[in-house]
Structure formats: structure tokens, C-alpha cells
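> Submitted below is the structure of interest, expressed as C-alpha cells.
The values are calculated or read from the model by the stated rules, or taken from the named source; none is laboratory data. Here the structure is a predicted model, which is why all the values come from computation and not from measurement. Because the Cβ atoms are built from the backbone with ideal geometry, glycine has one as well, and the counts that use them run over all protein chains shown. Remember, those area values only see protein heavy atoms, side chains included, never the ligands or the DNA or RNA. Shrake-Rupley method; radii C 1.70, N 1.55, O 1.52, S 1.80 Å.
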Amino acid sequence: MAFTRRSVLAAGLAAPALVGLGRAAQAATTLKLSHQFPGGTIDEGDFRDRMCRKFAAAVKERSKGALDVQVYPGSSLMKTNAQFSAMRKGALDMSLYPLPYAGGEVPETNIGLMPALVTSYQQAMAWKSAPVGRKLTEILLSKNIVLVSWVWQAGGVASRDRPLVRPEDAKGLKVRGGSREMDLMMKAAGAATLSLPSNESYAAMQTGACDAVITSSTSLISFRLEELSKSLTSGRGRSYWFMLEPIMMSKAIFDGLPKDQRDLIMAVGAELEAFGQEGAKADDTRVEQIFGKAGAKVETLDEATLNRWRDIARDSAWKDYAAKSSSCAEMLKLAEAVA
């Protein structure tokens, strides 16, 4: 199903105000923006949903109603894993989407959750203007995806029982890592892994299918994993888990818009990146408060432990990723150059 240039005017409704005397008014273009996270309001709830709602409000206001962005949270429009492919085909307009979920279709996107490659927000946000960011943007464009707004999040580990802090803690645990590369690092440390979107984490932990979930601080909060966890390894300060979760758009839909509307979409996306970074950082602190209040033991990574995880990642996930193609090898080299 296509969601492009859909009129919000039904027959019999009053026509909108004319742009100029004697000029026929244009019907608004409706864009549908999907994501997997819990819905809220523009002021309350998961910051990723709020970011989408702020994007929608700003685009509508600044386009004077010519663009109407409708937000569909909680995978209510389509299932999580279908969204990237749907955008590529022009069957979905936009999504705030965890980039490595697209790794099965576009292997290079797994760079968006490469364990211990990005370890700070400063490093993460430097990607956009660095060669690695330009390369990633080019690859996505070649796959019919436009990167509208860069959103990076640190992550931590929620465990049903014993903590997962050091590599030796992973042995024998069933772990959800969030990407193929994260799973490779965990397997190298002795864990068993399972692949599922973060919005399925609660059920997996509840049934015992999963012992530990590694995901963003915001998802740890939004999916209420403190209800099932005895320990938390926080991503505040330093983490081996940094994920790129951008707002993306179908290139087919984007290219079909007038230039002023394309420019507006990109401008609003860029302006909201600061909001996204602030929201992610705030949740890195809030998740510790929420889990601590629920009775979980809260721990953080020290530099020595992070370096141990990086050594394992370099010998497993990084090596595997670089061997996939010359394009992946180049992406990894460019990413390592961003300090």
C-alpha cells in the first residue's frame, strides 16, 4: 500500500485558504511516519516518539499545512522488521528505525551497532560530518533511503538474575544483543544469543527465553524491563553499545516532493538532532533511577572492562563485518578514524 500525496480533504469539506487571490489551493500531502516504540504526546513519553511528533508539528507549521505528517507508534502501521524494506519500495513514507535492523538487506548498516566501535556521544555525533557519515548516507541513498535525522543512543544490560558486566559474566547466558555484530561479540564471550526487536524483549524475558537484554536506555525504560530484572549494567558514561536510530525516508517519496518541501524536511530533521541527543543522555541517568528504585543492582563499566570487550569485538564482530565486502571494510576503517 502506498502513502504518497494523499489528500486530507474529503469531498464536501471547506476548501483551505487560498495562497493568493485567484490561485487554486493545493491539497495537503500526507506522510506516514512509523516506529516501534510506545506512543505518548509531544511533551511526555519515549523521547523517540516525542521527536517524531515534534518533527510532524514543525513540518506542518512551517509548510503552512502543505505537509501533514502522521505518526504511528508501537508498530501500529506495520510490523517492525518490515519498515525498512517498505521504505525502499515506496510503500512506507518514513520511519524512526534502528539502522542495524536493516543489516539483512544492506550489510553495511550493521555499522550502526558495532560493539565497542562508538563509545561516547561526542564520537557518535561526529559521524554525520565525517567521511564515515558521508559514505553511509551515500550507501543508503543507493538503496532508496534518505537519512533525515541522526539519532544515537547508548545502551545497557537488563538481566533477570546475575549481572552481565565483564566478558566472563556472559558464559551460559541467553542474550539479546540487538544486531548480528553484537551477537558475535556475545557468542565469543560464551553467551547464547537470540535475535528480536526491542519491543519483544519483555515477553522474551518474562518467558525465560532470554536471560539478559542489551538495548538502549530509553527502551529499557519504555518496555518496563525493570519489572523483570535483578540487575542493570548502565550505559551512562561509557558503553560498548551505541546504536544509530535515525529518522529515515523513502527516497521515492522524498524525490516526489517539491524542492522547498524536501529542504524543509531535511532542515527540521537536522534541528531535532540536539533534542534526540539530549533525550538519550537524560535516559542514561533516568534508567539507573528507575531500575534502582525497583530493587535492581546497578553497575557501570570502567575503562579497563570496556577495553576487554573491545578486544573481543575486534577479533569477532569487526573482523566478520570487514570480511563481508570491500564496502564494509571501508566503512569500518572510516569509522575507526573518528576519535
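> Can you work out ³J(HN,Hα) from phi for every residue in the stretch 326-331, in order, using Karplus 6.51 cos²θ - 1.76 cosθ + 1.60 and θ = phi - 60°, giving whole Hz and x for Gly and Pro?
Karplus values, whole Hz, x for Gly and Pro: 5, 5, 5, 4, 5, 4.
> Next up: Return the distance in nm (one decimal) between the two label points of a simple spin-label model at Thr285 and Ser142, each offset 7 Å from Cα along Cα→Cβ.
4.2 nm
> Sticking with this one: How would Lys54, Lys89, Lys259 line up by accessible area, probe 1.4 Å, largest first? Before the final figure, lay out each step's value.
Numbers: Lys54 60, Lys89 160, Lys259 125 Å².
Per-residue accessible area, sorted high to low, gives Lys89, Lys259, Lys54.
> Which label belongs to the value computed from this structure, given these candidates for mean projected area of the Cα convex hull in nm²: [x] 19.3; [y] 29.7; [z] 17.4?
Only one listed value fits the structure, namely [z].
> Leu306 to Arg134: extension gain in nm, 0.36 nm per residue of separation minus the Cα-Cα distance?
Working: separation 172, 0.36 × 172 = 61.92 nm, distance 2.77 nm.
Result: 59.1 nm gained on full extension.
> Which ³J(HN,Hα) values, rounded to whole Hz and listed in residue order, are derived for the stretch 88-99 from phi using the Karplus coefficients 6.51, -1.76 and 1.60 in 6.51 cos²θ - 1.76 cosθ + 1.60 with θ = phi - 60°, glycine and proline given as x?
My calculation for the stretch 88-99 gives 4, 8, x, 8, 9, 6, 8, 7, 8, 9, x, 4 Hz in order.
> Shifting gears a bit: Round to a whole number: what % of the accessible area of the chain belongs to carbon and sulfur, probe 1.4 Å? Before the final figure, lay out the partial values.
Working: 7130 of 14110 Å².
Percent of accessible area from carbon and sulfur atoms in the chain: 51.
> Where only protein heavy atoms count, and the probe is 1.4 Å, what is the accessible area per residue for the stretch 186-291 in Å²?
With all protein chains present, the stretch 186-291 gives 36 Å² per residue.
> Same structure again: Which of the aspartates and glutamates could be linked to Lys174 by a straight reach, that is with a Cα gap under 18 Å, when you skip same-chain ones fewer than 8 residues away?
Within reach: Asp161, Asp183, Glu200, Asp211, Glu226.
> So what's the convex hull volume per residue for the Cα atoms of the stretch 22-119, in Å³?
137 Å³
> Using only helices, what value at 222 nm comes out for the chain when you add -39,500 (n - 2.57) per DSSP H run of length 4 or more and divide by the total residues, to the nearest 500 deg cm²/dmol? Could the numbers behind the result be given before it?
On the way: 13 runs with 128 residues, N = 339.
Using -39500 (n - 2.57) per qualifying helix, the result is -11000 deg cm²/dmol.
> Long-range amide H contacts for Gly65: which residues qualify at under 5 Å (H placed 1.01 Å from N, peptide plane, sequence gap of 5 or more or a different chain)?
HN-HN under 5 Å from Gly65: empty list.
> Here are some pairs, Lys187/Lys251; Lys128/Lys230; Lys60/Lys293; Lys187/Lys333; Lys79/Lys297; which of them have Cα atoms lying more than 29 Å apart in this structure? Mind dumping the intermediate values first?
Values: Lys187/Lys251 36 Å; Lys128/Lys230 37 Å; Lys60/Lys293 40 Å; Lys187/Lys333 24 Å; Lys79/Lys297 34 Å.
From the list (Lys187/Lys251; Lys128/Lys230; Lys60/Lys293; Lys187/Lys333; Lys79/Lys297), the Cα-Cα distance tops 29 Å for Lys187/Lys251; Lys128/Lys230; Lys60/Lys293; Lys79/Lys297.
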